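The values are calculated or read from the model by the stated rules, or taken from the named source; none is laboratory data. Remember, predicted model here, so these are calculated numbers, not experimental data. Cβ sites come from the backbone with ideal geometry, for glycine too, and all protein chains shown count toward neighbours.
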Amino acid sequence: MQLILHDGLHFTVQRKANIVIIKHLSAKTALLFPLAAELHSVMTSTQLLDRRFTLAPMMEWSTSDCRTFWRLLTQKAVLYSEMVTTGALLHGDKSRFLDYNACEHPLALQLGGSDPISLAECARIAEDWGYDEVNLNCGCPSDRVQNGMIGACLMAEPELVADCIASMQKAVKIPVTVKHRIGIDDMEDYEGLVKFVQTIAETGCNTFIVHARKAWLKGLSPKENREVPPLQYDKVYQLKQDFPHLNILINGGITTLEQTQNLLNHVDGVMIGREAYSNPYFLAQVDQLIYGIDKPVVSRNEVMQKFMIYCEEQLSKGARLNHLTRHILGLYQGLPGARQFRRVISEQAHKPDAGIEVLERALATVNELPLANQVEVGTTY
């Protein structure tokens, strides 16, 4: 199997006995992404997946370009792909859905589906493609996925989910995990959650990512389901107490690293979604504050300089600049010049001939301001 690095070079991925071997890594890639240099050696999936801090699967947001940008800020967080349905993967362009840059590891693929045979085949494909984990979506409240028995509606079918997980586990050696809500509609609150987790845990699945809200599939839109149902962290805490042998991650409403540190007193890991997209620079201290890595905090300017190199290479392969830059609009969030930075990109990156000069102009609007690149270690943004 071949994947494509951000510098346009191909490299070979082999997986043998749960070991990933990555070859043909360029010097430029190693300089831009130190983690990619580590991937040049042999690693096991279990060594990679320290899920204390993870970044959520988000449709149309957590693309490979976005994940590459996030990786410039944190080398340790586990990244999750957009959800890919089994139908799309089995009958569509696999490279379109699965290709990624080497620097994105550790990386999980999220699948949407409810047929055990199809999910097992897709899990096999994910493992062969070099993913470090495959995750089953049991939390998305969208009407479109409900109609296909995908997402949060599966919480009403714990036995079916268990069959799916068991089938996937038999097909692969990489971890198979579940992302779900604390409940749906009229499901008995905590009792229903316990039944769901216990049924699936009996298959040997040991990692559950819990969005600490119910999903109201009747009456609320997907957007409302992300905001209207109240957060109930206490139920996730209780789940960890009742299943201490399981890895329980919490998701929903998490916006700071201080909050993350507090939550880690109760659960095994956190997953952050929208905040990482709208205000990504707080990720620059994840490795230091969450994982205890002793290294300097990368500045916004350093991130931009490296991302501009990535953009140049993608543009040379035919990418459109606005498809790349839409992921970085929040980089200077909260700082003087942030509005001008966003405006330059928003007004110019979509033009057919837009090139790296657009980012240079955008960067100039904040580089003139001394506060833009200052980082005070220990500050949570």
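Summary of values
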{"item": "Selection status of Asp186, of a type in the set (D, E, K, R), free of Cβ contacts under 8 Å to residues at least 12 places away in the same chain and surrounded by fewer than 24 Cβ atoms within 10 Å (Cβ to Cβ)", "result": "yes"}
{"item": "Inter-residue pairs, beta-carbon under 6 Å, first more than 17 Å from Glu313 (Cα to Cα) and in a helix (DSSP H, G or I) and in segment 350-377, second modelled with pLDDT of 90 or more and among the basic types (Lys, Arg), 6+ apart", "result": "Asn373/Arg300"}
{"item": "Search result, residues across segment 236-271 that are closer than 22 Å to Thr74 by Cα and part of a loop (DSSP other than H, G, I, E, B)", "result": "Gly252, Gly253, Ile254, Thr255, Thr256, Leu264, Asn265, Val267, Asp268"}
{"item": "Only one of Tyr310, Tyr277 that is outside the structural domain of Leu193 (by TED's automatic domain parsing), closer than 23 Å to Ala108 by Cβ and touching a Ser or Thr at 6+ places or on another chain (Cβ under 9 Å)", "result": "Tyr310"}
{"item": "Meets criteria (touching a helix residue (DSSP H, G or I) at 6+ places or on another chain (Cβ under 6 Å), of a type in the set (Ser, Thr, Tyr) and modelled with pLDDT under 95) for Thr325", "result": "no"}
{"item": "Where Met149 falls short, out of the listed (1) surrounded by fewer than 17 Cβ atoms within 10 Å (Cβ to Cβ); (2) in contact with a Lys or Arg (Cβ under 6 Å, 6 or more places away or on another chain)", "result": "(2)"}
{"item": "Segment 97-131 - residue that is free of Cβ contacts under 8 Å to residues at least 60 places away in the same chain, hydroxyl-bearing (Ser, Thr, Tyr) and part of a loop (DSSP other than H, G, I, E, B) and, of those, surrounded by the fewest Cβ atoms within 10 Å (Cβ to Cβ)", "result": "Ser114"}
{"item": "Any chance Ile165 is outside the structural domain of Cys311 (by TED's automatic domain parsing), among the β-branched types (Val, Ile, Thr) and closer than 27 Å to Lys214 by Cα", "result": "yes"}
{"item": "Listing of strands (runs of 3 or more DSSP E) fully contained in segment 14-92 that carry 1 or more residues being modelled with pLDDT under 95 and farther than 20 Å from Glu313 by Cβ", "result": "19-22"}
{"item": "Residues that are basic (Lys, Arg) and either touching a Pro at 6+ places or on another chain (Cβ under 6 Å) or not in a helix (DSSP H, G or I) (or both), drawn from segment 300-349", "result": "Lys317, Arg320, Arg326"}
